[in-house]
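The values are calculated or read from the model by the stated rules, or taken from the named source; none is laboratory data. Just so you know, these numbers come straight off a predicted model, no measurement behind them. Every residue, glycine among them, receives a Cβ derived from its backbone with ideal geometry; neighbour counts consider all protein chains shown. Calculation scope for accessible area: heavy atoms of the full protein, side chains included, ligands and nucleic acids excluded. Shrake-Rupley method; radii C 1.70, N 1.55, O 1.52, S 1.80 Å.
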Amino acid sequence: MKNIAAKELLKKYKEGNCTETELALLESWYLTSDNEKIDLSIEQLNAAKSQVWTILPIHQREKKNVKLWPKLASIASAAVVLICLSFSLYFYLNKHNNPAKKTQAVAKILPGGKKATLTLANGVSISLNEANIGKIGDQGGSSIFKTEDGQLTYNTSKAAATSQINLLTIPNGGYYNLTLEDGTKVWLNSASSLKYPTIFNGNERIVELTGEGYFEVAHNASKPFKVIANNQTVQVLGTHFNINAYHDENSIATTLVEGSVRVSTKNAANVLIPGQQANVIGDLIKVKAVNVDDETAWIHNEFVFNNEDMGSIMRKISRWYDVEVQCPSDLSRMVFTGSVSRSKNIKQVLRIMELTESVHFNFQGRRITVMP
């Protein structure tokens, strides 16, 4: 079978011109590279490190000096194999038809998917991932539907409707999105919930969030929209924003994508402009500029880590893959930068961080231990 020149393949990858077959070949090498054992000179190792480091999707950074830590001998060895030699499609097919035992050991830990439970005002619970497409219930004049693309929507006859409280709960390893009766769209991340009325009566639209949610609020100047999350309130008229209010995080982070929001606690308040994030710790509010694409990457099914510590990264891994994580305090402070798809097998995601040779991961069932 005709060989594919590895150096040319790397060049095409960096330029974004790889075909699907070529990308699959590169990924196969990338995820199995630690099995390649080749004796190389110091000069070859250094050359490989300088070429390959720039295309690794995740780098480790040292907090104080913000310095890249290059990959050591094993990845450099494998890189030289890729750069200086060539790989055939036979190698790719052989690897995929005969997967390594260590990959099989964690194959059952799958990425999250559309999973949610809707609790109606009368206490009845509906598993949305098991519910059929179409109408799934009624609430005080509001009809509830599950759409073909797996969303939750409300169709309300306002003349006959009475407002009732519904609760949408997302488990670990799940996500879901819904459209409220006013047209506001909400995306909910793993281990999150939203409490909301089936119809917004009165002069305000109020919902309660735990965990993480992204909101595209329908504009209504006469009826402000409020999100209550722990001890903070976010008030808007119509805008796009993200709230991260997990109980195990250090702060409540509200990121404004467009429009304007007012973040308030009992003793403080700040108005955000697009590109800003408010972090609430207790009653204190700290505002900073952020990359909104990074902060909302999860709604596009991506993990993005921007100088993020290992503790925070592993909490995201734990929620999305529904696993238990044990991370020693000294390792939890390590900082990484990079991105990877949330559709990947958990082993593939963690393998990318292992390529920095700064951390390793031990699997015992659904428990993951971070090790030096």
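Would you say Val304 is hydrophobic (A, V, I, L, M, F, W, C), under 26 Å from Trp187 (Cβ atoms) and modelled with pLDDT under 95?
Criteria met by Val304.
Give me the strands (runs of 3 or more DSSP E) completely within the stretch 317-372, filtered to those with at least 2 residues that are of a type in the set (S, T, N, Q), ordered by residue number.
Fully inside the stretch 317-372 and qualifying: 335-341, 360-364.
Would you point out which residue out of Ile313, Ile346, Ile317, Ile299 is of a type in the set (A, V, I, L, M, F, W, C) and open to solvent by 10 Å² or more (accessible area, probe 1.4 Å)?
Exactly one residue qualifies, and that residue is Ile299.
For every residue, the table says whether it meets (1) more than 21 Å from Trp298 (Cα to Cα); (2) open to solvent by 50 Å² or more (accessible area, probe 1.4 Å); (3) in contact with a Cys (Cβ under 8 Å, 6 or more places away or on another chain); (4) outside any loop (DSSP other than H, G, I, E, B).
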site	(1), (2), (3), (4)
Gly137	yes, no, no, yes
Phe145	yes, yes, no, yes
Glu148	yes, yes, no, no
Asn155	yes, yes, no, yes
Thr162	yes, yes, no, no
Thr169	no, yes, no, yes
Asn172	no, yes, no, no
Leu178	no, no, no, yes
Asp182	yes, no, no, no
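What pairs come up if the first residue lies in the stretch 139-152 and is free of Cβ contacts under 8 Å to residues at least 40 places away in the same chain and more than 13 Å from Thr198 (Cβ to Cβ), the second is open to solvent by less than 40 Å² (accessible area, probe 1.4 Å) and part of a loop (DSSP other than H, G, I, E, B), and their beta carbons are under 9 Å apart, counting only those six or more places apart or on different chains?
Between residues of the stretch 139-152 that are free of Cβ contacts under 8 Å to residues at least 40 places away in the same chain and more than 13 Å from Thr198 (Cβ to Cβ) and residues that are open to solvent by less than 40 Å² (accessible area, probe 1.4 Å) and part of a loop (DSSP other than H, G, I, E, B), the close pairs are Lys146/Leu128; Lys146/Ala131; Gly150/Leu128.
What is the number of the single condition among (1) in contact with a strand residue (DSSP E or B) (Cβ under 8 Å, 6 or more places away or on another chain); (2) open to solvent by less than 20 Å² (accessible area, probe 1.4 Å); (3) within 19 Å of Gly113 (Cβ to Cβ) that Phe336 does not meet?
(3)
Within the bounds of the stretch 217-225, is there any residue that is crowded, with 20+ Cβ neighbours inside 10 Å, at pLDDT 95 or above and under 23 Å from Leu284 (Cα atoms)?
Checked the stretch 217-225: at least one residue is crowded, with 20+ Cβ neighbours inside 10 Å, at pLDDT 95 or above and under 23 Å from Leu284 (Cα atoms).
Can you pull out the residues in the stretch 298-308 that are touching a residue at least 40 places away in the same chain (Cβ under 8 Å) and not hydrophobic (A, V, I, L, M, F, W, C)?
Asn301, Glu302, Asn307
Tally up the residues in the stretch 314-331 that are under 19 Å from Arg351 (Cβ atoms) and either without any contact (Cβ under 8 Å) to a residue 40 or more places away in the chain or among the hydroxyl-bearing types (Ser, Thr, Tyr) (or both), please.
Of the residues in that region, 3 qualify.
Check the stretch 117-131 and report whether any residue there is among the charged types (D, E, K, R), surrounded by fewer than 15 Cβ atoms within 10 Å (Cβ to Cβ) and touching a residue at least 12 places away in the same chain (Cβ under 8 Å).
Within the stretch 117-131, none of the residues are among the charged types (D, E, K, R), surrounded by fewer than 15 Cβ atoms within 10 Å (Cβ to Cβ) and touching a residue at least 12 places away in the same chain (Cβ under 8 Å).
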